[in-house]
Every structure is written in C-alpha cells, then in structure tokens.
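The block underneath contains the structure these notes are about, expressed in structure tokens.
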Ligand code: CO
C-alpha cells in the first residue's frame, strides 16, 4: 500500500459506490444504527468489516493491541458505553486472533517499556489460567490457547460493566467471543465454550462483579 495512491483510490471508491447507488452517501450521512459492537485487535491482517462481509454503517468498531478491555481503560469503556447505552447494539463481540503479536509479546519475559502495563493485562490472563496453560507442552498450542482464554477473560470484562449488565437483563444484549484464524481466514465462535466455563464459575462471578440492577427508571 503506497500512501500516495490513497486519495486516488478514494476517488475510485466513491465512483464505484455511486455507480451502485447514487444516494449511497446521502443515506450514510443520515446516521448509524449498527446492531453489533466489534472489539478486535489492531493487527493489520484482522480487519473488522471485510472478514464479516459487513458494509459501512453495520458494525461499531473498537480495536487495540490484543483486543483488551482493561478495567480502568476509559477508551474501550467509553466505546462500550456509547454502543450499549446510546446506539443500543444487540451484540458485543470480542474477537481475538491466532498469531497475535501482543499475546506473543506477553508470553515472553522481556521488558517492553511503555507496553508493559498494557501487556500486563494479558499476563494476568496467563496467571489466572496458569495451570491449564502450563500443562500444554506444545508451545504453539499454548500460544493459541492464551489467545482463546484472553478472549474469554475480555468477554468477562465486558460483563463487569453495569450498563452492559442492565442491557443483558432488560433487552437481551448478548456477548460473543470469537477467534479469527489468520492462517485460514476462518472465524471461530467460542461463545458456547466460554459460556459453559463461566457457568461453572457463575455464582462466584455474580458475587464479585454483578451490580444491583438500576431500578430508578
Ligand atoms: Co493481535
């Protein structure tokens, strides 16, 4: 991708869209009502819309290194609050991917400066699942499993947010955990597996993270 070709590409894209629908941009300017919030990795190979076959206006997107939703991160929390409380999305998706550089970096004991606090969130996931991960002898498979478990823990982080809890109770908002396999292009839905493992810990999770529902109207 040459940066000098971008504005030419843009002109061509506008022409293509208008050839398909002359009111395309008029409709786009009217507003957005996406049903899905997608939280994925910043990795250039893991685009949000293309891999789902979605069009502009259909997906509200947040991306950062290793698709994290840290408890104190105002950026991702603001995106989630806006999507859930104002856009009223029906689904929140956390999508990780195999061969994730962020996950790989967190598995190595290297001091990466300003990246340390961010990667620390992934190291916390490793610590929480230390027994399972360390029992996996194959390093590639252990790396893949950390990608998956990180998605599971980030889904739980989404569920810790009171606005999300209210939306789950009041209008059936659902949380999904996916992994994108860059080697095949396949999207893998791990929601069921995660739901089962959360179910096992449900009472503990509820005792710790569930807020009293908002009854103020
Ligand atoms: Co990544």
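Taken together, the values in this text are just the output of simple stated rules run on the coordinates, not laboratory data. Keep in mind that this is a model prediction, so the values were computed, not measured. Quick reminder, even Gly has a Cβ in these numbers, built from the backbone with ideal geometry, and neighbours come from all protein chains shown.
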Problem - Centroid-to-centroid separation of the range 98-166 and the range 45-82 [C-alpha atoms, Å] - result: 17 Å
Practice task
Would you please classify the overall shape of the chain from the alpha carbon gyration tensor, given that a ≥ b ≥ c denote the square roots of the eigenvalues, rounded means a/c under 1.5, and beyond that prolate means a/b larger than b/c while oblate covers the rest?
Solution key: oblate
Exercise for the section: Give me 73, 21 ranked fewest to most by other Cβ atoms within 10 Å of their Cβ, as a rough exposure proxy. Expected result: 21, 73
Handout entry: Tilt relative to the chain, helix 162-171 - C-alpha long axis, 0 to 90 degrees, to 10
Key = 70 degrees
Problem - Nearest-0.05 FRET efficiency for residue 114 and residue 32, computed from C-beta distance (R0 35 Å) - result: 0.60
Exercise for the section: Taking only Cα atoms and a 10 Å spring cutoff, compute GNM fluctuations for the chain and point out the largest among 59, 168, 136. Expected result: 136
Completion exercise
Under the helix-only model (-39500 (n - 2.57) for each DSSP H run of 4 or more, divided by the residues of the chain), the mean residue ellipticity at 222 nm, to 500 deg cm²/dmol, is -14500 deg cm²/dmol
Exercise for the section: Measure nothing but the geometry: give the 0 to 90° angle between the long axis through the Cα atoms of 6-20 and the longest principal axis through the Cα atoms of the chain, rounded to 10°. Expected result: 70 degrees
Completion exercise
Taking r as the C-beta separation of residue 187 and residue 104 and R0 as 22 Å, the FRET efficiency to the nearest 0.05 is 0.60
Exercise for the section: Quick one: work out the % antiparallel among DSSP beta bridges in the chain, nearest 5. Expected result: 20 percent
Problem - Cα gyration tensor shape of the range 1-89, rounded if a/c is under 1.5, else prolate or oblate by comparing a/b with b/c - result: oblate
Practice task
Kindly express, to the nearest 10 degrees and within the range 0 to 90, the angle between helix 115-128's C-alpha long axis and the longest C-alpha principal axis of the chain.
Solution key: 50 degrees
Handout entry: Ranking of 87, 149, 112, 119 by count of other Cβ atoms within 10 Å, fewest first
Key = 112, 87, 119, 149
Practice task
With springs connecting C-alpha atoms under 10 Å apart, model the chain as a Gaussian network and identify which of 18, 173, 51 has the largest mean-square fluctuation.
Solution key: 18
